[in-house]
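This report concerns only the one structure given below.
The values are calculated or read from the model by the stated rules, or taken from the named source; none is laboratory data. All of these numbers come straight from a predicted model, not from anything done at the bench. In this analysis, Cβ positions are derived from the backbone assuming ideal geometry, glycine residues included, and neighbour counts consider all displayed protein chains.
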Ligand code: NAI
Ligand code: MG
């Protein structure tokens, strides 16, 4: 069996390249200490690609993404490109790559590291040990449904969008959710608004049908308004949650902030499985390009490093190595090191580079 993993790295803009350099360290370490062979290609996306090619995502980069086993992305955008026409803005590159790769399942973990429990605005006992996974459908629903627009009807302007899901669209995200639940705590909560929206009546029906193939998973359903309340009241009642594009957009940001630290949050977006069970996949931190701190070596690299750990777990079936990286992150934080964004009284403030180097030292101690 070949151990070569083809990874496309797209550092992007702002702090993207800075945090990506720290991931590179981790990849080098894995190659040396764990005999993992990464075949790394680097590419341009977003503003960096606009500067070079007047195009936020070239066909070459897209072809590299399609040929890779997994893509790791930093972040795109920044004030330099704010005045660009809408269809060649940096963010268009990101939307295009997600669409072309068919990434319909967005995985957003909300995990509270013990050492950072104080960073949450919620009480310690509510969030301590929190570890939930939100699955957001990413390519359907109201953000894409037709018809859409703003038009005048009988002299009055109307704005409208369409919330539509087909059975196959619901089924494929439901299958990812049940698979995920099987690998975790075997509990899945599907979030909808089936008391009001027919589209989510169908959603609930399809989820129920898929559930028959996963008898070990305990399935529950919740209306989205209640889910929002429960997420802040008692988030630990959840393990895996699955929901529509718009509900997931809102709930995943809400869940993310239970942890209180944007610089710590990874994400993954997965596409359909091929005949060998391999999925197209893109991994990226939840945060943006942070132009306010770019170039100062103070950004937190841990969100991108944790995104890389997700890559190991979900694209390469290397869950043990993913856990190793997550443990090293725990230990670096326990040791009192903090980048500025997660700084707490009595801790040691470190740069992006020192955080990356210290993580490698912790990895060394773990093996
Ligand atoms: P942002 O996430 O870039 O920054 C929000 C705040 O959090 C800033 O104060 C920033 O300094 C801080 N921050 C973010 N990541 C950090 C890290 N790793 N370490 C320390 N501090 C961190 O969001 P914002 O300011 O709304 O957007 C800035 C640019 O990024 C815009 O051009 C926006 O379009 C783009 N963006 C790109 C995303 C992506 O590539 N996926 C996602 C969100 C925004
Ligand atoms: Mg959002």
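Brief remarks follow.
- Residue match in segment 288-296 (condition: assigned by TED's automatic domain parsing to the domain that holds residue 16 and within 21 Å of residue 101 (Cβ to Cβ)): yes
- Flag not set for residue 365, criterion: free of Cβ contacts under 8 Å to residues at least 12 places away in the same chain and more than 16 Å from ligand 2 (Cβ to nearest atom).
- Yes/no for residue 46 being touching a strand residue (DSSP E or B) at 6+ places or on another chain (Cβ under 8 Å) and within 16 Å of residue 94 (Cβ to Cβ): yes
- Taking segment 89-182 as the region of interest, the strands (runs of 3 or more DSSP E) fully inside it that hold 3 or more residues being over 19 Å from residue 266 (Cβ atoms) and at pLDDT 95 or above are 145-153, 156-162.
Conditions (1) within 14 Å of ligand 1 (Cβ to nearest atom); (2) within 21 Å of residue 309 (Cα to Cα), marked per residue:
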| position | (1), (2) |
| --- | --- |
| 330 | no, yes |
| 343 | yes, no |
| 356 | yes, yes |
| 363 | no, yes |
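- Matching entry among 279, 233 (being more than 15 Å from ligand 2 (Cβ to nearest atom) and in the same structural domain as residue 192 (by TED's automatic domain parsing)): 233
- Selected residue (criterion: farthest from the chain's Cα centre (by Cα)) from residues of segment 290-335 that are free of Cβ contacts under 8 Å to residues at least 60 places away in the same chain and in a loop (DSSP other than H, G, I, E, B): 335
- One residue alone among 282, 270 is modelled with pLDDT of 95 or more, away from ligand 1 (no atom under 11 Å from the Cβ) and under 20 Å from residue 111 (Cβ atoms), and that residue is 270.
- Taking the criterion of being free of Cβ contacts under 8 Å to residues at least 24 places away in the same chain and within 16 Å of ligand 1 (Cβ to nearest atom), the only residue of segment 25-54 that qualifies is 51.
- Answer residue from segment 289-304, given it is closer than 20 Å to residue 252 by Cβ and either out of contact with any strand residue (DSSP E or B) (no Cβ under 7 Å at 6 or more places or on another chain) or modelled with pLDDT under 95 (or both) and is surrounded by the most Cβ atoms within 10 Å (Cβ to Cβ) among those: 302
- Boolean, residue 49 is over 16 Å from residue 281 (Cβ atoms), assigned by TED's automatic domain parsing to the domain that holds residue 358 and crowded, with 22+ Cβ neighbours inside 10 Å: yes
- Of all residues in segment 264-273 being more than 16 Å from ligand 2 (Cβ to nearest atom) and buried (at least 20 other Cβ atoms within 10 Å of the Cβ), the one that is farthest from the chain's Cα centre (by Cα): 271
- Sole residue being in contact (Cβ under 8 Å) with a residue 40 or more places away in the chain and in contact with a strand residue (DSSP E or B) (Cβ under 6 Å, 6 or more places away or on another chain), chosen from 111, 130, 116: 111
- Enumeration of residues in segment 55-88 that are in a helix (DSSP H, G or I) and either in contact (Cβ under 8 Å) with a residue 12 or more places away in the chain or surrounded by 14 or more Cβ atoms within 10 Å (Cβ to Cβ) (or both): 60, 61, 62, 64, 65, 66, 67, 79, 80, 81, 88
- For segment 195-222, the set of residues classified as in contact with a strand residue (DSSP E or B) (Cβ under 7 Å, 6 or more places away or on another chain), over 16 Å from residue 255 (Cα atoms) and surrounded by 13 or more Cβ atoms within 10 Å (Cβ to Cβ) consists of 200, 203, 204, 207, 211, 217, 218, 219, 221, listed by residue number.
- Screening segment 250-261 for residues that are surrounded by fewer than 19 Cβ atoms within 10 Å (Cβ to Cβ) and within 15 Å of ligand 2 (Cβ to nearest atom) and picking the one that is farthest from residue 203 (Cα to Cα) gives 257.
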